[in-house]
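Participant: Take this structure first; my questions come after.
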Amino acid sequence: MKEFLLLLRENIEAYKSMTPEEMQKEIESHIKWVENLSKNGHFKGGHPLEPGGTTLKGKLVTDGPFIESKEGVSGYYFLLASNLEEATELAKGCPTLQIGGSVEVRPLMAYGSSQ
Amino acid sequence: MEAASNTDARVLVEHLFREESGKMLAALSRLFGLGRMDVAEDIVHETFVAALRTWQFGKVPDSPSAWLMQVARNKALNELKRLQHRRKVTDDADPSMLPVTEEEAGRVFLDHEIKDSRLAMLFACCHPEFPIKSQVILTLRAVCGFAPKEIAAGMLMSEDAVAKTLVRVKKEIKERNIPFQAPIVFRSQHRQEAVLTVIYLLFNEGYKSSAANELVRSELSYEAIRLARLLTGYALDTLHETYALLALMYFNFARFRSRTGELGEPLLLKDQDRSLWDHELIAEGYRYLALSRQGEKVTRYHLEAGIAAVHCSAKNFESTDWKAVINYYDLLSERWRSPLYVLNRVIAVGNCWGPEAGLDALQKAGEEEGLGSNHLYHAALGSFCFDMGDYRKAAAHYKKAYALAESSSDRIFLEKRIAECDRDLLTRH
């Protein structure tokens, strides 16, 4: 099994028009998705990130990126899969995609291996 | 394995967010004042966004409700500081009071305080000077936590119309500076009765026959029951009246699924499938009916619940105790003039002593009460003629009723009756 980082960018805009009931449903579908991943040994972890932060470049420090701008990463999932194809297939089930968010799947580079 | 700790994802209680939304709105409105309900609504929404952003990674807190209230509380305290600061800087002449200390502010988020706030919110929403429909809509929004979209579906209105009503009524609250907490209001029997009226209307909105949005409509009716139960937690003057209303609502709610046909048209009691009745709910009805009879007064709700109990206790339509039903309607029409009571009484007469007796009583009542423009009156005439075998006359009455009927489900019902008359006319010739 290889490790994959799923970087999540949420569509915060979509939340604005959601009712409490719909938000609860959204959470429930995430929980179900994570539960399924765990059951099949694919889930290793995940965490939300605070909305803002700073970006450093040379001596320049700027605020952001912000998750509201869709450029900022709002959280990550840590998955186990045999290859990138499988990880991508798993990522397709992420409910965030249904409401206009995006998921970036990145394999962790293994030490001491050329693959 | 690390993953194991992530598998204990809890399932959330059904409608948790909606319910918490009502609780948070009550607490927050008490803090910021009823005129700032928009501020409260924003905080509630932000709280849910925070939950969505955090919980989607598989970990739901042990007590989701406590988590939500805590987040709302922190957001509220920040907002409070901001408002207080602005008032100091700009000398904003906002008339509504804001609490001074953080401790004072934090108190409104204690469990029992939230419960009281919900009651206060209910009384504020059922303000007799608002149009009654606005009262129902505002109650659904502010006390029950329904979103405008859900209110629209439940009350068979457009979302736009609901939104406009809410804007209008909130503006009025602000202009009149309606206070949030006024215990004297709870003690006023007049206001308590106004609240019961809104609750009953809310129940009936959900109970109205229609094929559209059955699910959310049953939730509307159930909310009414929950609000009445909230009221019984306080020793109000109208406690026994509230018990009676609860009994009535439970008896009717037990028959929710059998009340309409496939097209959402109302079904006659004799055509309802009694195996669909929920006996646990009927038992609740009896429990509340017994409690309601411990009071001294006999109210409208007592009598209506009595009638509902007669129907719920009958094994089938034929064995219904019609004399008891007639007796209840007599008592009702003595004290409250309503064409509905008159009509229902006459229908009971017909079921008890035959269609001829019913028709006779109905025609008399029609003249006395001036029921000529009531479609239910003509439908009842049609029904008696049909039972007497006069299909031609029955069809004519049903057609008159059809022309007067307003709701599409009533028209579907009448179309079916007219078709029955035509069929029976054909088979006879």
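Where a number appears in this text, it was derived from the coordinates with a stated rule and is not lab data. Given the structure is predicted, the values throughout are model-derived calculations rather than measurements. Glycine gets a Cβ as well: all are built from the backbone with ideal geometry, and neighbour counts include every protein chain shown.
Participant: Scan the helices (runs of 4 or more DSSP H) fully inside region A:10-115 and keep the ones with 3 or more residues being more than 8 Å from chain B (Cβ to nearest Cβ).
Facilitator: A:20-39, A:84-92
Participant: Given the conditions (1) in contact with a Leu (Cβ under 8 Å, 6 or more places away or on another chain); (2) outside any helix (DSSP H, G or I), and given that B:Gly372 satisfies all but one, which numbered condition is not satisfied?
Facilitator: The number of the failed condition is (1).
Participant: What number goes with the only condition from (1) part of a loop (DSSP other than H, G, I, E, B); (2) surrounded by 20 or more Cβ atoms within 10 Å (Cβ to Cβ) that B:Pro128 does not pass?
Facilitator: (2)
Participant: Residues to consider are B:Leu376, B:Leu414, B:Leu381; find the one that is under 34 Å from the mean Cα position of the chain (by Cα), surrounded by fewer than 20 Cβ atoms within 10 Å (Cβ to Cβ) and among the aliphatic types (A, V, I, L, M).
Facilitator: After applying the criteria, what remains is B:Leu376.
Participant: Moving to a separate point now. Would you mention how many residues in region B:195-216 are crowded, with 19+ Cβ neighbours inside 10 Å and either more than 19 Å from the chain's Cα centre (by Cα) or of a type in the set (A, V, I, L, M) (or both)?
Facilitator: The total comes to 5.
Participant: While we're here: Give the residues of region B:39-51 that are surrounded by fewer than 21 Cβ atoms within 10 Å (Cβ to Cβ) and either within 29 Å of the chain's Cα centre (by Cα) or within 7 Å of chain A (Cβ to nearest Cβ) (or both), sorted by residue number.
Facilitator: Listed by number, the residues that qualify are B:Val39, B:Glu41, B:Asp42, B:His45, B:Glu46, B:Val49.
Participant: Are any of the residues in region B:34-52 outside any helix (DSSP H, G or I), closer than 12 Å to A:Met23 by Cβ and of a type outside the set (A, V, I, L, M)?
Facilitator: No, there is no match, as no residue in region B:34-52 is outside any helix (DSSP H, G or I), closer than 12 Å to A:Met23 by Cβ and of a type outside the set (A, V, I, L, M).
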